[in-house]
1. Quick check: residue separation of Leu175 and Val489 times 0.36 nm, minus the Cα distance between them. What number comes out in nm?
2. Cβ neighbours within 10 Å, averaged per peptide: list 56-63, 396-403, 444-451, 45-52 in order, most packed at the top.
3. Give me the one-decimal nm value for the distance between modelled label points at Leu63 and Arg211, 7 Å along each residue's Cα-to-Cβ direction.
4. Cα extents of the range 27-213 along the three principal axes, largest first, in whole Å?
5. What's the FRET efficiency of Val412 with Arg70 using the Cβ-Cβ distance as r and R₀ = 35 Å, to the nearest 0.05?
6. Compute and list, largest first, the equivalent-ellipsoid semi-axes of the range 389-441 from the alpha carbon gyration tensor, each √(5λ) rounded to a whole angstrom.
7. Quick one: Cα convex hull volume of the range 311-505, Å³ per residue?
8. Once the Cβ-Cβ distance between Tyr182 and Lys348 is put in as r, and R0 is 41 Å, what FRET efficiency do you end up with, to the nearest 0.05?
Amino acid sequence: MYASREDIGYDFGDDSKVGSKPIKPNPNIDGGWAWMIVFSSFLVHILIMGSQMALGILNMEWLEEFNQSRGLTAWVSSLSMGITLIVGPFIGLFISMCGCRMTAIIGGILNALGWILSAYASNVHYLFLTFGVTAGIGSGMVYLPAVVMVGQYFQKRRALAQGLSTTGTGFGAFLMTALLKYLCTEFGWRNAMFIQGAISLNLCVCGALMRPLSPKDLSEKSPVRSDSEENQEKALSHSTETIKSNEVLSEEPEKKEEATNEEVLESVQHTETGGNSRSRRNMHGLRILKTVSQLTLTVRKGFALWYSSYFGAASLFTNRVFVAFIIWALFAYSSFVIPFIHLPEIVKQYNLSSQDNIFPLTSIIAIVHIFGKVILGIISDLPCISTWNVFLMANFTLVTCILTLPLMQTYVGLAVVCALIGFSSGYFSLMPVVTEDLVGTKNLANAYGIIICANGISALFGPPFAGWIYDITQKYDFSFYIAGLLYMVGIIFLLIQPCIQKKQPRQKSTEEAQV
């Protein structure tokens with residue numbers, strides 16, 4: 001089925017040709033190669049996020065090998081996990097200049113290099129640099145493009161696609177834990193890291209599968225919304241429209257400059273080809289000059305887009321709902337990580353170790369978390385359901401579970417609460433969808449980079465903060481209560497800002513009418 005230019009809803013400035021040539025939608029949007037992108041992102045989550053959740057196996061080997069304190073040794077895995085997310089804004093710069101495919105391939109090489117160099121570690125501080133920093137940055141360079149590409153390739157089933165791809169984290173936690181345990185037992189931890197580095201080179205293959213869409217396909221990709229989402233979209237779109245209008249104005253000088261440089265290069269090339277035989281010797285230099293000029297223009301354009309997203313007139317921070325989203329992200333991720341850290345101690349405190357050994361509570365969270373991502377994605381893609389509302393309901397459920405978990409003193413009660421935590425935390429698959437709704441597809445890389453950076457800060461400092469609370473109070477209860485209350489503050493910001501945004505377009509229109 002073909003869609004005319006009028007159906008797409010864009011004014012091309014040539015009314016005489018409207019309808020003369022129908023535009024065929026890209027078959028890879030919501031189908032075709034889009035599912036290869038989901039598969040690639042799924043593998044990325046297995047190799048990166050799954051490996052990071054299995055670092056407890058290596059942590060025990062490092063403790064035995066280097067005889068350092070638990071706190072110092074734990075910083076190796078904390079740095080790797082934190083840096084993977086914190087470098088998000090800077091990875092957005094690479095994506096703007098090089099694209100998702102090249103960024104992911106370079107990241108795959110860097111991640112593998114970090115694993116391999118860590119096999120020769122002589123102390124924990126060496127691991128800080130090789131595994132924490134090098135492998136962490138490489139992981140971030142692959143993780144962000146994997147999420148962004150799924151958002152670019154899907155329109156109608158974005159939530160389901162993100163849910164399917166991010167289930168790789170849960171599968172990876174089981175697969176990589178078993179793999180690293182086997183490798184450490186059979187070959188030792190050093191050879192295990194070397195082998196894992198070789199396996200991580202498959203991230204380059206995943207990056208190669210991230211075939212970029214043309215700018216035309218991205219411009220034609222407009223979100224399809226149900227009637228129930230239209231009112232919510234009006235509350236979220238005012239700042240987004242301002243960002244887009246400012247981007248259009250900032251792009252015009254860049255396009256003119258690019259066109260001017262192309263004309264100069266083509267005229268020089270025409271002159272050289274029309275000259276004498278000496279001009280042929282200069283053709284090679286001319287091609288190099290043209291390539292360097294095009295590369296310079298690409299880098300400048302990518303940096304300008306990245307800079308304007310953060311500091312220019314089209315800054316993402318002019319969107320108040322997006323700023324509230326960042327504040328929420330600062331508190332949200334630690335509330336999910338803290339149960340994984342403190343649950344074993346709570347089980348021991350309540351004398352439930354025998355039951356927990358049969359079916360660990362953390363495994364219940366991990367298993368249900370996989371199904372939660374897929375089910376919440378399917379629900380969000382229903383035509384009568386708002387993704388924003390599903391996202392908020394899942395957050396309310398999770399914060400309620402965090403606050404009530406310390407009150408459960410039986411294994412059955414803890415198991416039920418942990419299952420709810422795993423299911424409601426499936427909203428992680430909706431985060432890229434909500435981000436894209438707030439800022440648009442073009443700004444998704446930079447915007448989501450900020451969100452995962454906030455999550456990285458939360459993951460890096462949340463667990464130590466919870467441990468500090470325990471040292472003061474000698475109780476784990478307060479760690480959950482404080483984390484839950486801070487999490488609730490972030491949710492309140494998400495609720496307040498859309499209500500404020502509803503009034504702003506009306507006030508602006510009234511002022512324009514008076515003028």
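Read the figures in this text as sums done on the coordinates, not as results from a lab. All values derive from a computational prediction rather than experimental measurement. Using ideal geometry, Cβ is built from the backbone for each residue, glycine included, and neighbour counts are taken over all protein chains shown.
1. Result for the pair: 109.4 nm of gain on full extension.
2. The most tightly packed comes first, giving 444-451, 45-52, 396-403, 56-63.
3. 4.8 nm
4. 56, 31, 25
5. 0.65
6. Square roots of five times the eigenvalues give 29, 9, 6 Å.
7. 127 Å³
8. In this case the efficiency is close to 0.90.
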